[in-house]
Each structure stands twice: as C-alpha cells, then as structure tokens.
Amino acid sequence: MAAFDDGIAALVATADPSLSDLLDMRLAGGYSAVIARLSSASGADLEALLIFLGVALTKDGDAAHDFAGGGGHAALQRIMMRSGDEALAALACEVIAASSRHGVSFPSPAALGGAIRPAPTPYAFDGPAGALALRLRDVPKRQTAQKDTGFIMWPAAVVLARFLNLKPENVAGKAVLEIGAGLGLAGFAAVPHAAHVTLSDYNDEVLENLRYNAALNFEARAQAPGLKFPAVRFLDFHEFRPIPDPDAVAKREPPADAIVPGGDAFDVVLGTDMICCDEDAWSAAAVIAQTLKVGGVAYLCLADPRNRYGVESFPAALAAQPELTFEVKRVEDPQVMQDVTEQARYLDWNLFTVTRHDAAAAAPPA
C-alpha cells in the first residue's frame, strides 16, 4: 500500500488539483493511502481529506471506482457513524454524491487493492516543432453497437496525428475541427499549433470521454502562452444530409452548443476512420462541405476500401459536392507510419486532402 507521503499531502491541500496529477496519484496507489488516512484522521485533517475527495472523485470517474473498490465507502460509513459532527458527515455525503455521478453505487463492496481501471495509453510524437506526449483513455465500457466505435483507438488516428506533428504548418494558427473524433488523438495533436481546436462526435459516452482526455492532457498546460483549451461539441453527420426516409432514423434534440448545418465554419477539418458504411461516406462529405471555410482544407486518413466498408463510396460523395476538390494518396512515409504497421500490419491507409472553393465562382457560366 502506498504511504501517505508529502506528495499526496500537497495534492490534498491543492484547491483544484489537475486531472493529470490525480491520475498519477491513482496509478501510484495513492487512494489506498488516503483511505487508510481516513480511519485515523480527525478534525481539520479529516475535513481536508473529505473536501479533496469530493473534488477528486467529481473530476475523475476512474478514481471514484477505485476508491469504492478499495474500501473507501466503508471508511465513509465509519466516519458518518462515529464523528458526531454534522459538518463532517455532510462532507462524507458529498464524497458519496461525487462517486454516484459516475455510476458508482453506495455502499460498494471493497475489492482487491490496486488500480481497478486501466491506465490511459501514452502516445509520443517527434516533429520539427518539438516532441508531443499525450495520454488517452479508452471509454471504460464494452462496445455493444456500431455507434460505440469511438470507444477505442483506431490506427488511422495515430497515422494522422503523426502526420500533423511532422507538418504542423497544416494547422498552424488555424481554427480546426475534428469530426468523428473518438478518443481525440488527431485533434489533440493539433492543439499546440492551431489557434483553436474543436473535437466533435455524437455518442454521449464518447463526448464525456473526450472531455476527460482534454482535461487530462491540457488542463495543466492551459496557461501556456498561445495554447487554448480544446472544445468538445456534439456533431451528428446525418443532420448535414437529408435522409431518404427520415422516419426510419431516430432523431434526438442536439445540445445547445452542437455544431449544426449553417453554423460554425473552420479553416481545417480532420477525420480518421469515421466511415463505417455508405451512408457515413455521403454524410461525412456533406459535413466537410458545410463546415469548411472557403479556402479551407480537410485532412482525412481512412483505411483502404479493401479493409473498411463504406470508404469505397467516399470519392463519389466528395465529387458530388460542387464546392470540394480532392486528391488521394497512399500513406507510405516511414516517419508517418512509424509503429503503426506493428499495430495493424494488414491495413493500408489513404490520406484525402480536400479543399473547399467558392462554388458560385467556380461554376461554369450558364
């Protein structure tokens, strides 16, 4: 069991600890030390621990699960029964409420010690603008439907992220949108170079996980000169293209900050492996045509049609948009493909570079 050392004590005393610091503490077994401390602390020390746990477990759902599984709920029950202090009991209830926000029932039986939720996966890239290190968490649930494809990392995202880090001029100083962002690797790779980055998806659990990954990687860096914290917003491909039979598609009311047809426009649009069927291909092309500014460019890394269903329709879908021109190149640069072939040797990837023009100006005279 980890000891309650000066590092943990300093984090407990921090009013708003970063998610990155909280993760490091969790992976080092720090919550077991906090749980042990709950049993012996009293007065102001116990109050500080409970306030810290309320903040930490609100920020980090994985920590809420680990805390419960490590016996934290039993420790809270003992505090509520023995303290005789209504203020401390109320703080303990706030910790319970923080856990419940992440689906952790109370009381939860203690499990074996150690981290219950796996650590986020590290990704590291080198480029002319310097090294970039990211940690990204998969959605901590099993995939049960096609809409859950954003729960895990897809190799095309690694390809495009490495491409952007090697050629940061493609996004430098630009407003960038990633569509079908999944875990967000390509969009996050653009953050140090872009004026601003927005990551979008439509699955609520994917969006929640994107917010977690954004906080994990950029909350502590948000004060860096010129770096803006990335936004996470809802975007449904199929809202951008009329559906032949609208009654056959279940609709939902988009949130107030959703990206919708006729709304925001961006200098650059990114996408990786966001096409899983023909309808996705046609809808993604419509999204690109409607979210790119005139003169804007989209970079889309997609598995070859031999390996991914629906991609074969994408060239025709792009060609049907009068504002768009595009070129397709096989990704073969060994620097871009570094490590990727080991992850998925059987796949080939194509990079689509799509430019939006003024359709009215480009149209031939009547």
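The values are calculated or read from the model by the stated rules, or taken from the named source; none is laboratory data. Note that this is a predicted model, so its numbers are computed, not measured. With ideal geometry, Cβ positions are generated from the backbone for all residues, glycine too; neighbour counts draw on all protein chains shown. Protein only, heavy atoms only, side chains kept; ligands, DNA and RNA dropped before computing areas. Shrake-Rupley method; radii C 1.70, N 1.55, O 1.52, S 1.80 Å.
Things worth noting here:
- Relative contact order for the chain, counting Cα pairs under 8 Å that sit 6 or more residues apart, in percent: 12
- Which of Ser18, Thr198, Leu185, positive extreme of dipole for the chain (C-beta unit charges): Ser18
- With helices as the sole contributors, the chain gives -11000 deg cm²/dmol at 222 nm; each DSSP H run of n ≥ 4 counts as -39500 (n - 2.57), and the sum is divided by every residue.
- Highest-first packing order for the peptide set 191-198, 280-287 is 280-287, 191-198, based on the mean count of other beta carbon atoms within 10 Å.
- Assuming charge only on the beta carbon of Lys and Arg (+1) and of Asp and Glu (-1), the dipole of region 6-101 about its Cα centre is about 280 debye to the nearest 20.
- With both labels modelled 7 Å from their Cα along Cα-to-Cβ, the Leu27 to Asp348 distance reads 3.7 nm.
- Fraction of accessible area attributable to carbon and sulfur, region 121-361 (%, probe 1.4 Å): 52
- A simple charge model with +1 on the Cβ of Lys and Arg, -1 on the Cβ of Asp and Glu and nothing else charged puts the dipole of the chain at about 300 debye relative to its Cα centre.
- For the set Lys141/Lys228; Lys174/Lys228; Lys167/Lys329, the pairs lying more than 22 angstrom apart at their alpha carbons are Lys141/Lys228.
- Size descriptors for region 1-122, from the alpha-carbon set: Rg then Dmax equal 13.0, 45 Å.
- Under the span-like rule (Cα at least 18 Å along the axis, Kyte-Doolittle mean at least 0.0), DSSP H helices of the chain: 43-59, 86-100, 278-291
- Look at the Cα gyration tensor of region 121-361: its axes a ≥ b ≥ c give a/c under 1.5, and that counts as rounded.
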